[in-house]
Structure formats: structure tokens, C-alpha cells
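To start, the structure under review is shown below, and the notes come after it.
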Amino acid sequence: MSAISIRNVVKRYGRGAAAVQVIHGVSAEIGSGEFVVIVGPSGCGKSTLLRMVAGLEEVSVGEIAIADKVVNNVEPADRDIAMVFQNYALYPHMSVFENMAYGLKIRKVDSNEIRQRVDKAAKILELGPFLKRRPRELSGGQRQRVAMGRAIVREPSVFLFDEPLSNLDAKLRAQTRLEIQKLHHELGITSLFVTHDQVEAMTLAQRMIVLNAGRMEQFGTPEEVYQRPATTFVAGFIGSPPMNLMQGRADGASFSIGGQRLPLPQPAPRNGELILGLRPEHALWAEGGDDTWELQVDVVETLGAERLVYCRLGETLFTARIDGTLPRPQVGARVPLRVPAERLHWFDPQTQARVG
């Protein structure tokens with residue numbers, strides 16, 4: 001049984017010829033207890049899709065079901081969900097405790113049960129010392145943690161998170177990611193989490209939906225998305241630095257790009273125009289030879305444990321990530337790289353879809 005079913009969902013604003021379509025037939029089955037992250041650039045439709053699941057946006061075409069019940073026409077309050085927004089939406093006249101307890105009080109939960117749930121959430125989110133404070137007496141990060149605590153205490157069937165960590169500093173953001181993972185492991189509540197941050201997506205997700213301009217480019221585990229991106233968009237969006245993508249012409253065991261003929265460790269999946277992808281960390285420093293690629297170093301960034309080497313392959317830009325203990329390449333030097341066959345990715349230039 002799927003906890004959340006998204007079936008060919010379309011979202012349009014306006015009517016007739018003037019209608020603007022922002023979600024284009026997205027379908028996904030999210031299992032009970034699964035933590036799924038929707039990730040993509042700003043304006044790709046992530047929050048719109050989440051808000052349709054929450055009932056805050058109408059579905060133009062398609063169906064959304066929660067626990068096998070179609071909820072297209074069900075009010076948000078009746079969907080057994082708890083949502084955490086990017087903004088805090090706290091009651092300014094209530095204390096932290098009262099904000100977190102308010103939803104339970106409305107549902108007439110026993111006062112002792114309310115206290116236990118709030119205390120538990122406050123401990124997870126390190127809010128214990130602030131339970132008597134008003135929101136105006138808290139920092140932005142503390143306010144967001146209160147908003148998360150308010151959702152946690154409800155113990156719903158589905159958690160919906162709309163970029164809840166955006167206003168936290170880097171240290172607290174990383175800490176809160178760990179707490180969210182612990183919470184999910186403990187409670188096992190189905191969660192749908194929206195973010196534009198690929199680090200959040202990769203570290204939190206059991207599976208992830210990659211959206212681009214309202215279309216689902218790929219739905220899979222972080223490992224699948226990273227190791228076998230379905231499109232050039234996914235290849236370039238997931239991973240930092242992004243995958244090197246080079247368009248050229250394959251001919252047997254060679255690949256021509258910008259007037260250069262590069263040897264391949266094994267033939268391309270087909271001859272003709274293709275896009276070749278290689279992640280920066282998979283380019284291996286070599287001693288030279290007929291089976292290597294020769295690049296010219298433009299810039300070197302030292303990042304402690306690693307170095308990023310920005311090169312040119314003819315006129316094509318290329319990024320390599322190397323171990324920080326290796327000698328620092330000199331700007332202007334020509335360096336040989338070896339490319340493992342199993343690390344090459346191939347895409348169709350027309351469809352941008354993976355072909356090998």
C-alpha cells in the first residue's frame with residue numbers, strides 16, 4: 001500500500017488559451033514510512049506539488065491519494081497531515097509551549113499527553129530552555145524549530161516539509177538534518193520534504209524526486225540518481241561540482257570534441273552525436289600514454305582534503321577533483337587524465353536522456 005499516490009498530476013493557473021501549466025503529469029508512489037525528498041531549482045514546481053498534496057492548491061488534472069483515499073476534494077484539516085512551512089507561522093501572543101501544544105489542545109488531547117509530546121519534541125529540537133518564551137524572543141532558527149515541533153507533536157500519518165531548514169545557519173542546519181533522520185527512524189512516519197539544496201536531498205532522502213520546470217526527471221534512491229542520472233539535467237544538478245558534460249561525436253573507441261580525438265576505454269553505446277558525462281572525482285591523474293586525455297590547467301582551488309582543478313579540453317571546460325595530498329598542478333601545465341570505462345555516462349543530444 002502506498003501512503004501517498006500522485007497520479008498523472010497536472011497544475012494549471014488560469015483557463016483556456018491563457019492558462020499557464022506549471023506541473024506536467026507527475027506520477028509517484030510513496031510507500032508507507034518512506035522519506036521522499038522533492039528537489040530541484042527555484043521555480044521548478046516543488047512547493048506547488050507539495051501544496052497540492054497538502055490540499056492548499058487544487059489539482060487541475062490527475063489524482064492524489066493518501067492511504068488509498070483520493071483526497072482531491074478533501075479539506076487540508078481532514079487529510080491527517082502536518083506541514084512545516086519555510087516561514088514560521090507562529091502565534092506571536094503564545095509561548096513556545098502553547099504554540100507547540102495548540103493543535104493538540106484543539107483536538108482535545110489529554111493535558112498530560114500534551115505535556116509528554118511537547119517535552120519529547122522539545123528535547124529532540126533542543127527547545128527545552130525556551131518553552132516559556134514568546135516567538136519575538138527567539139532567533140529565526142529557534143522559531144523554525146518551534147514550527148517543526150508543532151508538526152512533530154501531532155504524530156500525523158504524513159509529514160510535509162516545505163524547505164524548513166532554509167533559515168538556519170550551516171551548523172544548526174546540519175544538526176537538524178540529523179535530528180530529522182533520527183525522528184523518522186524512531187516514528188517511521190511517511191515524509192515528503194521539499195528543498196533546492198542537493199546536500200539536504202542526498203543526506204535525508206530514501207528516495208528523491210528530481211523536478212525540472214514542472215516535470216519529473218528522475219525518481220530513485222540518492223545512489224541511483226547520483227550514479228546513473230536519467231538525463232543531462234539530473235547529471236548537472238546533482239553533484240558538486242556538477243558532472244562534466246561534453247557534446248561530440250563517437251566513432252568506435254574514440255570521441256571527437258572541439259577538434260580533439262579522445263581515446264575511450266571502451267566503445268560508446270552507439271556512433272554519432274552524443275553527450276559524454278564524467279564526474280570530476282572520476283577523472284584519474286595519470287602518467288601519460290596513448291589512452292589518456294591531455295588537459296590544460298586554468299585554475300586550482302585548494303579545499304583542504306581535496307583540490308578542484310579547472311581545465312580546458314580544447315575549448316571545452318572540464319573540472320577534475322583530486323586528492324589534496326597530490327602535488328598541486330601548475331596553472332598552464334598540461335596534465336594527462338585516465339577515464340575508467342565504468343564511470344562514463346552517455347546521453348542523447350536531442351532528448352537529453354541517458355543512452356548508456
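The table for this structure:
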quantity	calculated
Enumeration of residues in the range 268-297 that are loosely packed, with under 15 Cβ neighbours inside 10 Å and over 19 Å from residue 332 (Cα atoms)	269, 270, 271, 272, 273, 289, 290, 291
Qualifying residues in the range 235-265 (those that are surrounded by fewer than 14 Cβ atoms within 10 Å (Cβ to Cβ) and touching a residue at least 40 places away in the same chain (Cβ under 8 Å)) - the one farthest from the chain's Cα centre (by Cα)	259
Scope the range 125-150; condition part of a loop (DSSP other than H, G, I, E, B), under 28 Å from the mean Cα position of the chain (by Cα) and at negative phi; matching residues	125, 127, 139
Test result for residue 137, surrounded by fewer than 19 Cβ atoms within 10 Å (Cβ to Cβ) and either β-branched (Val, Ile, Thr) or closer than 22 Å to residue 93 by Cβ (or both)	yes
Single residue of the range 169-215 satisfying the filter (more than 13 Å from the chain's Cα centre (by Cα), surrounded by 19 or more Cβ atoms within 10 Å (Cβ to Cβ) and within 21 Å of residue 225 (Cβ to Cβ)) that is modelled with the lowest pLDDT	180
Hits in the range 219-234 - residues which are open to solvent by 40 Å² or more (accessible area, probe 1.4 Å) and in contact (Cβ under 8 Å) with a residue 24 or more places away in the chain	219, 226, 228, 233
Subset tally (residues that are open to solvent by 30 Å² or more (accessible area, probe 1.4 Å) and over 17 Å from residue 196 (Cα atoms)) for the range 156-168	1
Residue tally, condition closer than 21 Å to residue 187 by Cβ, out of contact with any helix residue (DSSP H, G or I) (no Cβ under 6 Å at 6 or more places or on another chain) and not hydrophobic (A, V, I, L, M, F, W, C), over the range 106-135	11
Tally, over the range 105-124, of residues that are part of a helix (DSSP H, G or I), at pLDDT 90 or above and not basic (Lys, Arg)	8
Residue check for residue 301: over 26 Å from residue 230 (Cα atoms) and modelled with pLDDT of 90 or more	yes
Residue 156, sole failed condition from (1) farther than 21 Å from residue 65 by Cα; (2) outside any helix (DSSP H, G or I)	(1)
Positions within the range 311-355 being open to solvent by 60 Å² or more (accessible area, probe 1.4 Å), touching a helix residue (DSSP H, G or I) at 6+ places or on another chain (Cβ under 8 Å) and modelled with pLDDT of 95 or more, in sequence order	352
Test set (1) in contact (Cβ under 8 Å) with a residue 40 or more places away in the chain; (2) loosely packed, with under 15 Cβ neighbours inside 10 Å - residue 302 fails condition number	(1)
Selection from the range 67-84 of residues that are touching a helix residue (DSSP H, G or I) at 6+ places or on another chain (Cβ under 8 Å) and touching a residue at least 40 places away in the same chain (Cβ under 8 Å)	79, 81, 82, 83, 84
Residue among 108, 69, 132 that alone is among the basic types (Lys, Arg) and within 29 Å of residue 175 (Cβ to Cβ)	132
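The rows are residues; the columns are (1) in a loop (DSSP other than H, G, I, E, B); (2) open to solvent by less than 30 Å² (accessible area, probe 1.4 Å); (3) touching a helix residue (DSSP H, G or I) at 6+ places or on another chain (Cβ under 9 Å); (4) under 13 Å from residue 147 (Cα atoms).
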residue	(1), (2), (3), (4)
65	no, yes, no, no
86	yes, no, yes, yes
99	no, yes, yes, yes
103	no, yes, yes, yes
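The values are calculated or read from the model by the stated rules, or taken from the named source; none is laboratory data. Note that the coordinates shown come from a computational prediction; the quantities given were computed from them, not determined experimentally. Cβ: placed from backbone, ideal geometry, glycine included. Neighbour counts: every protein chain shown. With ligands, DNA and RNA removed, areas are computed over all heavy atoms of the protein, side chains included. Shrake-Rupley method; radii C 1.70, N 1.55, O 1.52, S 1.80 Å.
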